[in-house]
Amino acid sequence: MFPFNQVKEGNRVIREFRGDIDPSELVWHQDREDRTVKVIEANGWGYQLDNQLPLLLEDRQELFIPKMMYHRVIKGNGPLVVEVYMHEGSM
């Protein structure tokens, strides 16, 4: 079970993390493919890549997360909504 709801459209998904989520559900993880993440609604959420300090997410921000890079999101004040694009051929 994932800590978000999502709608899949081709090689992208729209994900929403609820504002009332338990922060313990937001774990460090890796993905099997490169991803580009576009923030639609940040609401004070943050993110952190392995061996880096946490950063605050901003609306309309785009992030590139290389495959197999440990990362996590950090709970904010409301919902977090992002578009996630999986890069084909990066597996």
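The values are calculated or read from the model by the stated rules, or taken from the named source; none is laboratory data. Everything numeric in this text was worked out from a predicted model, so none of it was measured. All Cβ positions, even for glycine, are placed from backbone atoms using ideal geometry, and neighbour counts span all protein chains on display.
Checking M1 against (1) outside any loop (DSSP other than H, G, I, E, B); (2) over 11 Å from the mean Cα position of the chain (by Cα), only one condition comes out false. Which one?
That leaves (1) as the condition not met.
Out of N11, N5, N51, report the one residue that is among the polar types (S, T, N, Q), touching a strand residue (DSSP E or B) at 6+ places or on another chain (Cβ under 7 Å) and at pLDDT 95 or above.
Values: N11 fails: at pLDDT 95 or above; N51 fails: touching a strand residue (DSSP E or B) at 6+ places or on another chain (Cβ under 7 Å).
Residue meeting the stated conditions: N5.
Within the stretch 38-91, track down each residue that is hydroxyl-bearing (S, T, Y) and in contact with a Phe, Trp or Tyr (Cβ under 9 Å, 6 or more places away or on another chain). Before the answer, list the steps.
Narrowing the stretch 38-91 to residues hydroxyl-bearing (S, T, Y): 47, 70, 85, 90.
Of everything in the stretch 38-91, just one residue is hydroxyl-bearing (S, T, Y) and in contact with a Phe, Trp or Tyr (Cβ under 9 Å, 6 or more places away or on another chain), namely Y70.
Considering each residue of the stretch 14-34, count those that are closer than 10 Å to E83 by Cα and crowded, with 16+ Cβ neighbours inside 10 Å, and give that number. Full working, then the answer.
First pass over the stretch 14-34, keeping only residues closer than 10 Å to E83 by Cα: 14-16.
Checking the rest, the ones that are also crowded, with 16+ Cβ neighbours inside 10 Å come to 14-15.
Going through the stretch 14-34 one residue at a time, the tally reaches 2.
Can you say whether M69 is surrounded by 12 or more Cβ atoms within 10 Å (Cβ to Cβ), more than 10 Å from the chain's Cα centre (by Cα) and modelled with pLDDT under 95, as far as the supplied structure shows?
Working: surrounded by 12 or more Cβ atoms within 10 Å (Cβ to Cβ): yes; more than 10 Å from the chain's Cα centre (by Cα): yes; modelled with pLDDT under 95: no.
No: the conditions fail for M69.
Would you check which residues across the stretch 35-47 are farther than 19 Å from Y85 by Cβ and under 10 Å from the mean Cα position of the chain (by Cα) and list them? Write out each step before concluding.
Of the stretch 35-47, the ones farther than 19 Å from Y85 by Cβ are 43-44, 46.
Within the stretch 35-47, G46 is the sole residue that qualifies.
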